[in-house]
Amino acid sequence: MAEIYEFRVAGLIGPVVRAAMPELSADAWSPHSVLTGTADGPDDVDGLLRRLTDHGLVASHIRISNQTRWRATGPTECPVAGG
């Protein structure tokens, strides 16, 4: 089952970065943006974090939630080390 991840990053996400990461949706909450998408495991999350960094973005928080067909569990918020 895929987990839903929310990456909070400083600043607003522009159209170039949005286009480069179509699997993530972006919402602006000044002074942050929240990118939301799914990942199938730690390797997928590492890949998403690497791509964020490649675009000059630093995730300050990551929120993880599991969703099943029947219910959603509460989100878990994880501050990113060094953020």
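The values are calculated or read from the model by the stated rules, or taken from the named source; none is laboratory data. Small disclaimer: the values here were computed from a predicted structure and weren't measured. Quick reminder, even Gly has a Cβ in these numbers, built from the backbone with ideal geometry, and neighbours come from all protein chains shown.
Would you point out the residue of the stretch 1-10, among those that are within 14 Å of the chain's Cα centre (by Cα) and of a type outside the set (Lys, Arg), that is modelled with the lowest pLDDT?
Ala2
Under 9 Å by Cβ, and 6 or more places apart or on different chains, what pairs join a residue from the stretch 15-29 that is under 19 Å from Ile64 (Cα atoms) with one that is of a type in the set (Gly, Ala, Ser) and at pLDDT 85 or above?
Pairs that qualify, where the first residue is under 19 Å from Ile64 (Cα atoms) and the partner is of a type in the set (Gly, Ala, Ser) and at pLDDT 85 or above, are Met21/Gly37; Glu23/Gly37; Leu24/Gly37; Ser25/Gly37; Ala26/Ser33; Asp27/Ser33.
Taking Ser65, is it of a type in the set (S, T, N, Q), surrounded by 13 or more Cβ atoms within 10 Å (Cβ to Cβ), at pLDDT 85 or above and under 12 Å from the mean Cα position of the chain (by Cα)?
So Ser65 does not fit the description; no.
Return the residues of the stretch 24-50 that are part of a loop (DSSP other than H, G, I, E, B) and in contact with a Ser or Thr (Cβ under 8 Å, 6 or more places away or on another chain); say none if nothing qualifies.
Leu24 - this is the single residue of the stretch 24-50 that is part of a loop (DSSP other than H, G, I, E, B) and in contact with a Ser or Thr (Cβ under 8 Å, 6 or more places away or on another chain).
Closer than 10 Å to Val9 by Cβ and not hydrophobic (A, V, I, L, M, F, W, C) - does that describe any residue in the stretch 39-49?
We begin by selecting, within the stretch 39-49, every residue closer than 10 Å to Val9 by Cβ; these are none.
Among the residues of the stretch 39-49, not one is closer than 10 Å to Val9 by Cβ and not hydrophobic (A, V, I, L, M, F, W, C), which makes the answer no.
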